[in-house]
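Each remark here refers to the structure printed beneath this line.
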Amino acid sequence: MGKVAIVVMLITLAVAKPIVHSKIEEPKEVDEWFHKVRLGLAAEKVTKLHFYFHDIQSGKNPTAMRVAQSSFTDKSPTLFGLVNMVDDPLTEGPELTSKEVGRAQGLYGLAGLEELSLLMTLNYVFTSGEYNGSTLSILGRNPVWHPVREMPIVGGSGVFRLARGVATAKTYSFNVTTGNAVVEYNVLVIHY
Ligand SMILES: *[C@@H]1O[C@H](CO)[C@@H](O)[C@H](O)[C@H]1NC(C)=O
Ligand SMILES: *[C@@H]1O[C@H](CO)[C@@H](O)[C@H](O)[C@H]1NC(C)=O
């Protein structure tokens, strides 16, 4: 790298600052935003999120529903092949009645033959406050009986455009009769 390039880079770093953008923008605005990021004119931000995920499989208002299974699922101790489509509430506190901050929409599939583990392919869409309308995409392995599970955040939209990060999940409660689970999430994301 030449001296000029280094100087340009230092100036760029010095002026890098958060770029404020509204959640839903026209393609032209997204294009401008993207170029600013590419030129190093946007500072990286770290955002920490904490919420509870409610996987409600039974009762009057289930939010997780079985959409597929394999011919082997019923014989499998790990429910291999079962797929649930969910629109699960995300709340501030562990009670379902606490303030809703978003929804977890997507699919999880039982992907372990020997250990019960989920393939999580979910979008977390936030529905209140400064993140309202923005999403984070999770794609990862969730061995649900482990005390802590770590899953990658592979992207996002709105405030979380170009996000990358890590989610850790800990089961708060699980009812073996109903299959309903409450899971505590701590999420760390880098975005602009
Ligand atoms: C979130 O955004 C939607 C759509 O723009 C809006 O209808 C809703 O009132 C907002 N919710 C909150 C809590 O701000
Ligand atoms: C599990 O759910 C059933 C049915 O709603 C309820 O009767 C039972 O008390 C729950 N068990 C626990 C440990 O919360």
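We did not get these values from a lab; they are worked out from the coordinates using the rules stated. Being a predicted model, the structure only gives us computed values, none of them experimental. A quick note on method: Cβ atoms are made from the backbone with ideal geometry, for glycine too, and the neighbour counts reach across all protein chains shown.
Pop out the ³J(HN,Hα) list for region 116-129 in order, Karplus 6.51 cos²θ - 1.76 cosθ + 1.60 with θ = phi - 60°, rounded to Hz; leave Gly and Pro as x.
5, 9, 9, 8, 9, 10, 10, 9, 9, 9, 8, 10, 8, x
Go through region 175-186 residue by residue and turn each phi into a ³J(HN,Hα) via Karplus (6.51, -1.76, 1.60, θ = phi - 60°); whole Hz please, and just put x for glycine and proline.
Coupling constants for region 175-186: 9, 5, 6, 8, x, 6, 10, 10, 10, 8, 10, 10 Hz.
Taking 0.36 nm per residue of separation and subtracting the Cα-Cα distance, what length does fully extending Arg164 through Lys28 add? Provide the component values of the computation, followed by the final result.
Working: separation 136, 0.36 × 136 = 48.96 nm, distance 2.34 nm.
Answer, rounded to one decimal: 46.6 nm.
Can you compute the FRET efficiency between Thr121 and Leu41 using 1/(1 + (r/R0)^6), with r the Cβ-Cβ distance and R0 = 30 Å? Round to the nearest 0.05.
E(calc), rounded to 0.05, equals 0.35.
Lys and Arg at +1, Asp and Glu at -1: add these up for the other residues within a Cβ distance under 14 Å of Gly165 and post the number.
The answer is +2.
Over the chain, calculate the relative contact order: mean separation of alpha carbon pairs under 8 Å at least 6 apart, over the residue count, as a percent. Provide the component values of the computation, followed by the final result.
Numbers: 454 pairs, mean separation 37.5, N = 192.
Worked out over the chain, it gives 20 percent.
With loop defined by DSSP as not H, G, I, E or B, and exposure as at most 16 other Cβ atoms within 10 Å, which is the longest segment of the chain clear of exposed GluC sites (Glu not before Pro)?
116-192
For Ser117, what residues show an amide H to amide H distance below 5 Å, using hydrogens built from the backbone and excluding near sequence neighbours?
Ala111, Gly112
At 37 °C and a viscosity of 0.692 mPa s, what translational diffusion coefficient does Stokes-Einstein give for region 61-192, taking Rh as the Kirkwood radius over Cα pairs? Give it in µm²/s as a whole number. Working shown, then result.
Working: Rh = 15.4 Å.
For these conditions, the coefficient is 213 µm²/s.
What residue among Arg66, Arg38, Arg103 shows peak mean-square fluctuation when the chain is described by a Gaussian network model with Cα springs under 10 Å?
Arg38
Within a Cβ distance under 14 Å of Gly93, other residues only, what is the Lys/Arg minus Asp/Glu net charge?
-3
Considering the dipole of the chain built from charges on the beta carbon (Lys and Arg +1, Asp and Glu -1) around the Cα centre, which of Phe34, Ser173, Phe126 is farthest to its positive end?
Result: Phe34, furthest along the dipole toward the positive end.
For region 17-117, restrict the atom set to alpha-carbon positions and state the Rg and Dmax in Å.
Considering region 17-117 through its Cα atoms, Rg and Dmax are 20.0, 56 Å.
Taking the Cα atoms only, what angle lies between the long axis of helix 3-15 and the longest principal axis of the chain, rounded to 10 degrees?
Roughly 60 degrees, rounded to the nearest 10.
Under a Cβ-only charge scheme (Lys and Arg +1, Asp and Glu -1), can you give me the dipole magnitude of the chain about the Cα centre, in debye to the nearest 20?
Rounded to the nearest 20 debye, it is 460 debye.
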